[in-house]
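To keep things clear, I will list the structure first and then write my remarks on it.
The values are calculated or read from the model by the stated rules, or taken from the named source; none is laboratory data. Everything numeric here is computed off the predicted structure, so don't read it as measured data. Note that we place each Cβ from the backbone using ideal geometry, even for glycine, and neighbour counts take in every protein chain shown. With ligands, DNA and RNA removed, areas are computed over all heavy atoms of the protein, side chains included. Shrake-Rupley method; radii C 1.70, N 1.55, O 1.52, S 1.80 Å.
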Amino acid sequence: VLGSLSEAVALGVVSEEPSVGVFRFSHPLMREVIYDELPVTARIQLHRRVGEAIEQLHGDDPRPYLAQLAHHFAKVAPAGEGEKARDYARRAGDQAMDARAYEEAVLEYRRALEALGFVGPDQALRCELLLCLGGALVRAGDYEAAKGSYLAAIDIARELGDADRLGLAALGVGEPQVQAGLVDRQLMALLQEALDALGPGDGALRARVLARLCLE
């Protein structure tokens, strides 16, 4: 490996960093061209090896590397690593939300949803991930995409008969505040549907749905 790296350094493809044993491509375009020329099977094998190496080195506390793990295992999700790709992406999305990195969270939750397709049907988890994605999109300022995510979650919540997720998704559709002179009839119908599903008992979620319906 060191011999090959020395040759790459001499050709200007790779540069050596001040830290001993650290190398990087001399330009991102160089990396992209080499990556694009690799056969798909080779890319999959390399992503798997990198992901497994990170796991071996940092398995005790992978939190600083969740985004990297999500990236590499997302590339090998079609080759039997769907569960790892899904779980790492979900954790990376949650971590990004905590860090207020909302656009990154959107990327990770979308990765998790894509990886879920390679694992098998889990409608409850899909609904949960759609709610997470909607929340990230709202905070990133993309209300239209967030609405689509929440409406998809509502469809699943109806199928599952899940009143809580139905209520949360309806609240998500209503995230943008009211505009003077405009009434969102679709939102009002969704909020009323959520109230009917939640039933008459006391609860924080019911109070939130009632408040949003009142506001609209």
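Leu182 - would you say it is of a type in the set (A, V, I, L, M, F, W, C) and open to solvent by 60 Å² or more (accessible area, probe 1.4 Å)?
Numbers: of a type in the set (A, V, I, L, M, F, W, C): yes; open to solvent by 60 Å² or more (accessible area, probe 1.4 Å): yes.
For Leu182, the condition - of a type in the set (A, V, I, L, M, F, W, C) and open to solvent by 60 Å² or more (accessible area, probe 1.4 Å) - is met.
Would the range 44-60 turn up any residue that is open to solvent by 80 Å² or more (accessible area, probe 1.4 Å), of a type in the set (S, T, N, Q) and free of Cβ contacts under 8 Å to residues at least 24 places away in the same chain? Spell out the reasoning first.
Of the residues in the range 44-60, the ones open to solvent by 80 Å² or more (accessible area, probe 1.4 Å) are 45, 49, 56-57, 60.
Add one more test, that the residue is of a type in the set (S, T, N, Q), and what stays is 45, 56.
Checking the rest, the ones that are also free of Cβ contacts under 8 Å to residues at least 24 places away in the same chain come to 45, 56.
Looking for residues that are open to solvent by 80 Å² or more (accessible area, probe 1.4 Å), of a type in the set (S, T, N, Q) and free of Cβ contacts under 8 Å to residues at least 24 places away in the same chain, one finds at least one in the range 44-60, hence yes.
Pick from the range 64-99 the residues that are small (Gly, Ala, Ser) and open to solvent by 40 Å² or more (accessible area, probe 1.4 Å): which of them is nearest to Leu125 (Cα to Cα)?
Residues of the range 64-99 that are small (Gly, Ala, Ser), as a first pass: 67, 70, 74, 77, 79-80, 82, 85, 89, 92-93, 96, 99.
Pick out the ones that are also open to solvent by 40 Å² or more (accessible area, probe 1.4 Å) and you get 79-80, 99.
Working: Ala79: 21, Gly80: 19, Ala99: 23 Å.
Of everything passing the filter in the range 64-99, Gly80 is nearest to Leu125 (Cα to Cα).
Inside the range 179-202, can you point out the residues that are small (Gly, Ala, Ser) and either on the phi < 0 side of the Ramachandran plot or under 24 Å from the mean Cα position of the chain (by Cα) (or both)? Can you show your working first?
Within the range 179-202, the subset small (Gly, Ala, Ser) is 180-181, 189, 194, 197, 199, 201.
Correct list: Ala180, Ala189, Ala194, Ala197, Gly201.
Of the residues Val183, Val138, only one is among the β-branched types (Val, Ile, Thr), touching a residue at least 24 places away in the same chain (Cβ under 8 Å) and assigned to a loop (DSSP other than H, G, I, E, B); which? Reasoning before the result, please.
Details: Val138 fails: assigned to a loop (DSSP other than H, G, I, E, B).
Criteria check complete, one pass: Val183.
Please go through the range 141-178 and give me each residue that is of a type in the set (Asp, Glu) and either within 18 Å of the chain's Cα centre (by Cα) or not in a helix (DSSP H, G or I) (or both), ordered by number. If you could, list the steps in order and put the result at the bottom.
The first filter runs over the range 141-178 and keeps only residues of a type in the set (Asp, Glu), leaving 142, 144, 155, 159, 162, 164, 175.
Those that are of a type in the set (Asp, Glu) and either within 18 Å of the chain's Cα centre (by Cα) or not in a helix (DSSP H, G or I) (or both): Asp142, Glu144, Asp162, Glu175.
Which one of Leu133, Leu137, Leu116, Leu151 is in contact with a helix residue (DSSP H, G or I) (Cβ under 6 Å, 6 or more places away or on another chain) and more than 25 Å from Glu81 (Cβ to Cβ)?
On the way: Leu133 fails: more than 25 Å from Glu81 (Cβ to Cβ); Leu116 fails: more than 25 Å from Glu81 (Cβ to Cβ); Leu151 fails: in contact with a helix residue (DSSP H, G or I) (Cβ under 6 Å, 6 or more places away or on another chain).
So the residue among Leu133, Leu137, Leu116, Leu151 that is in contact with a helix residue (DSSP H, G or I) (Cβ under 6 Å, 6 or more places away or on another chain) and more than 25 Å from Glu81 (Cβ to Cβ) is Leu137.
Only residues in the range 195-216 that are without any contact (Cβ under 8 Å) to a residue 60 or more places away in the chain and open to solvent by 60 Å² or more (accessible area, probe 1.4 Å) count as the first member; pair them with residues that are of a type in the set (D, E, K, R) and part of a helix (DSSP H, G or I), Cβ under 9 angstrom, at least 6 apart or cross-chain, and list the lot.
Pro200/Arg206
Of the residues that sit in the range 111-164 and are closer than 18 Å to Gln186 by Cβ and of a type in the set (Asp, Glu), which one is most open to solvent (accessible area, probe 1.4 Å)?
Here the residue is Glu144.
Out of all the residues in the range 74-82, is one or more among the small types (Gly, Ala, Ser), modelled with pLDDT under 95 and at positive phi?
Yes - at least one qualifying residue is present in the range 74-82.
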